[in-house]
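Please read the structure below before turning to the comments.
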Amino acid sequence: MNTEKCRLLLQVIQAGSFSSAAERLGYTPSGVMRSIASLEKEIGFPLLGRTAQGIYLTREGRQCSLICAASSVMKMLCCSTVPRSGD
């Protein structure tokens, strides 16, 4: 799973819509939608439901969002500079 697509998914969930997430990230709404659609195709099931009122997470989307969030935390932990003892 692509980490950028995971980041976009988490932003869409947090923002509540593709357009709000796109605005926050400096992307076009269609670009965000294409990335999420690509992630859904890659995984093999829909992550977000779409209604006239906005988006909602599917059951699989909730599970995937937890994996994406955990992956983001792990990336931050692994990439951060941690002082070694004795330094």
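May I ask you to derive the FRET efficiency for Ile43 and Cys79 from their Cβ-Cβ distance with R0 = 25 Å, giving the value to the nearest 0.05? Result of the calculation: an efficiency of 0.50.
Provide the FRET efficiency to the nearest 0.05 for the Arg50-Leu25 pair, computing r from the beta carbons and using R0 = 30 Å. For R0 = 30 Å, the calculated efficiency reads 0.95. Name the shape class, rounded, prolate or oblate, that the alpha-carbon gyration tensor gives for the chain, where a ≥ b ≥ c are the square roots of its eigenvalues, rounded holds for a/c under 1.5, and otherwise prolate holds if a/b is larger than b/c and oblate otherwise. Prolate is the answer for the chain, as a/c is 1.5 or above and a/b outweighs b/c. About the centre of its Cα atoms, the chain shows a dipole size close to 80 debye [charges on the beta carbon of Lys, Arg (+1) and Asp, Glu (-1) only; nearest 20 debye]. By the beta carbon rule, with partners counted only under 4.7 Å, the chain holds these lone Cys residues: Cys64, Cys78, Cys79. FRET efficiency for the pair Thr3 and Glu60, taken as 1/(1 + (r/R0)^6) with r the Cβ-Cβ distance and R0 = 25 Å, rounds to 0.85. What are the residues whose amide H is under 5 Å from the amide H of Leu48, where those residues sit 5 or more places off or on another chain and H is modelled from the backbone? For Leu48, whose amide H was placed from the backbone, the distant partners under 5 Å are Thr58. In order along the stretch 70-77, phi translates into HN-Hα couplings of 5, 4, 5, 5, 4, 5, 5, 5 Hz, rounded to whole numbers, per the Karplus curve 6.51 cos²θ - 1.76 cosθ + 1.60 with θ = phi - 60° and x for Gly and Pro.
Between the stretch 4-30 and the stretch 32-54, the C-alpha centres lie 12 angstrom from each other. What is the percent carbon and sulfur in the accessible area of the chain, measuring with a 1.4 Å probe over the protein chains and ignoring ligands? The C+S portion of the solvent-accessible surface of the chain is 57 percent.
The values are calculated or read from the model by the stated rules, or taken from the named source; none is laboratory data. Everything numeric here is computed off the predicted structure, so don't read it as measured data. All Cβ positions, glycine included, derive from the backbone under ideal geometry; neighbour counts span all protein chains shown. Heads up: the accessible areas ignore ligands, DNA and RNA and are worked out on the full protein's heavy atoms, side chains in. Shrake-Rupley method; radii C 1.70, N 1.55, O 1.52, S 1.80 Å.
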